[in-house]
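Here the structure comes first, spelled out in structure tokens, and everything after it is commentary.
The values are calculated or read from the model by the stated rules, or taken from the named source; none is laboratory data. Here the structure is a predicted model, which means the values were calculated and not measured. Note that each Cβ is placed from the backbone with ideal geometry, even for glycine, and that neighbours are counted across all protein chains shown. Heavy atoms of the whole protein, side chains included, go into the accessibility calculation; ligands, DNA and RNA do not. Shrake-Rupley method; radii C 1.70, N 1.55, O 1.52, S 1.80 Å.
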Amino acid sequence: MHVPTLIERKRDGYALDQDAIRFLVEAFTDGRMPDYQMSAFAMAVYFQGMDAGETAALTRAMLESGTTFRWPRHAPRVVDKHSTGGVGDKVSLVLAPLLACDELWVPMISGRGLGITGGTLDKLESIPGFRVGFEPEEAIAQLERIGVVMMGQTVSICPADRKLYALRDVTATVPSRPLLVASILSKKLAESLDALVLDVKFGSGAFMKTREDAILLGEAMLEVGVAMGVETRVRYHRMDEPTGWAVGNALEVTEAIECLRGGGPKDLRELVLALAVEVSLAGRERLEGWLDGGAALAKFYELVEAQGGDSACLDEFSRIHPAATVREIRSPNSGVVTRVDAETVGRAANALGAGRDRAEDAVNPAVGFDRIVKVGERVSSGEVIARVHADCQGDAEEAERRFLSGFSIE
Ligand code: URA
């Protein structure tokens, strides 16, 4: 098979067969197909799409680019959730330890920041020492001990997604339905789950801008998930304003810890519980009890320690990554907040350094926004509606200008 010919066929709108798709994925994973060819292929898929058979073949080829987890016979119910990505979405940081309180196993394989959406791995790595690189045996040993592991794609688990994910992030090819389905489900299927809940976002800060597109994505994932034997649930959530009050890696960890202490923003807690009840057998009341009574927080501490992180710093995490400048943004007038545009805030956070321009870039854990007001709140003229954490005064001023361009009040 000839890579340029296959790219050309996709570019011209033809469907590729299973063998061709497998060949491309294998060639890319083992380095015979360079990034520039895969970038062109991803862009062709972005414009031409893939039918259900191609999408399933891509998912399977990516899944089979590595090994899958094989659970011991005594393993309890194995569950996970995955989000299609949003701004300020720190749900996984709360949900994974919460579900592990239920004596479930939660082998969560996550990604890094993608486009304007933040990544769980980048957030976790703002905890000093926290390690996300695991191989299956080590992950299973940790699950035996504490019931939860939070890790990235590795050379042995979903290596194709590890490479393609990084490439999509910097080639404007993220919001393609088949690429989203294959990326998300290849990782989740590698976890050999009993149950999976998918949080499909739609709105300005999501890859799917409309509910209709989100439903098409959700149904495509449901079809592949069920066909692969996983009890799959899909929930749809609006992503027009950021989740919670904070956007930015370390700032979001601080907020997740507040939620694990039983506090934090209401929308974050609600989202965590709405997703948890879909895969947990415990029921909402017990789940709330674990958040309010400290069990979920204690599990998070265990998780951080198990993965080499410094749990002592979690008590006062907001001090760990002080930004050079913290600037208050004030409301230009009084009224009820009608818009805090998630896409605008996500782009502004990326411009501050919270996301990447190139695959090899590092993210800056300290920068972003916190104390962001929520839509529906009443504010007075001059009241603080958010704070910018930036590397310098110039960046903070630019971030304020961007933030206000996505902010409306009536
Ligand atoms: N999460 C993933 O794992 N992959 C995507 O493509 C988007 C969100």
How high is the relative contact order of the chain, in percent, counting Cα pairs under 8 Å that sit 6 or more residues apart?
18
Determine the distance separating the Cα centre of the range 71-119 from the Cα centre of the range 337-368; give it in Å without decimals.
22
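Express as a percent, rounded to the nearest 5, the fraction of DSSP beta bridges in the chain (both residues included) that run antiparallel.
On the way: 16 of 36 bridges.
Taking every DSSP beta bridge with both residues in the chain, the antiparallel ones total about 45 percent.
Rounded to a whole number, what % of the accessible area of the range 212-254 do carbon and sulfur atoms account for, probe 1.4 Å? Show your work: numbers first, answer last.
Working: 960 of 1810 Å².
Carbon-and-sulfur percentage of accessible area, whole number: 53.
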Using a ≥ b ≥ c from the Cα gyration tensor of the range 130-279 (square roots of the eigenvalues), is it rounded, prolate or oblate, where a/c under 1.5 gives rounded and otherwise the larger of a/b and b/c decides, a/b for prolate?
rounded
Between the modelled labels at ARG9 and ASP292 (7 Å from Cα along Cα→Cβ) the distance in nm is 5.9
Please sort 373-379, 268-274 by packing, taking for each peptide the average over its residues of neighbouring beta carbons within 10 angstrom, highest first.
268-274, 373-379
Please calculate the 1.4 Å probe accessible area of TYR46, with all protein chains present, and give it to the nearest 10 Å².
90
Just tell me, in residue order, which DSSP H segments of the chain are both 20 angstrom or longer along the helix axis (alpha-carbon based) and at least -0.5 in mean Kyte-Doolittle hydropathy.
211-227, 266-279
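Normalised by the number of residues in the range 75-147, what is the relative contact order in percent for Cα pairs under 8 Å and 6+ residues apart? Present the calculation step by step, with values, prior to reporting the outcome.
Working: 74 pairs, mean separation 23.4, N = 73.
Relative contact order, the range 75-147: 32 percent.
Decide, for the chain, between rounded, prolate and oblate: order the square roots of the alpha carbon gyration tensor eigenvalues as a ≥ b ≥ c, take rounded if a/c falls under 1.5, and otherwise choose prolate if a/b is larger than b/c, else oblate.
Values: a/c = 1.69, a/b = 1.24, b/c = 1.36.
Because a/c hits 1.5 or more and a/b fails to exceed b/c, the chain counts as oblate.
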Greater than 29 Å separation of Cα atoms is the criterion. Which listed pairs, LYS201/LYS374; LYS123/LYS188; LYS187/LYS374; LYS188/LYS374; LYS10/LYS123, meet it?
LYS187/LYS374; LYS188/LYS374; LYS10/LYS123
Using just the helices of the chain, give the 222 nm mean residue ellipticity in deg cm²/dmol: DSSP H runs with n ≥ 4 each add -39,500 (n - 2.57), and the total is spread over all residues, rounded to 500.
-14000 deg cm²/dmol
Per-residue SASA entry for TRP71, accessible area with 1.4 Å probe, Å² rounded to 10
50
Surface per residue (accessible, 1.4 Å probe) for the chain, Å²:
39
Between rounded, prolate and oblate, where does the range 3-63 land on the alpha carbon gyration tensor, with a ≥ b ≥ c its root eigenvalues, rounded for a/c under 1.5, else prolate if a/b exceeds b/c?
oblate
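Once neighbouring chains are kept in place and the probe is 1.4 Å, which whole percent of the accessible area of the range 3-63 is contributed by carbon and sulfur?
Numbers: 1460 of 2960 Å².
Answer for the range 3-63 is 49 percent, counting heavy atoms of protein chains only.
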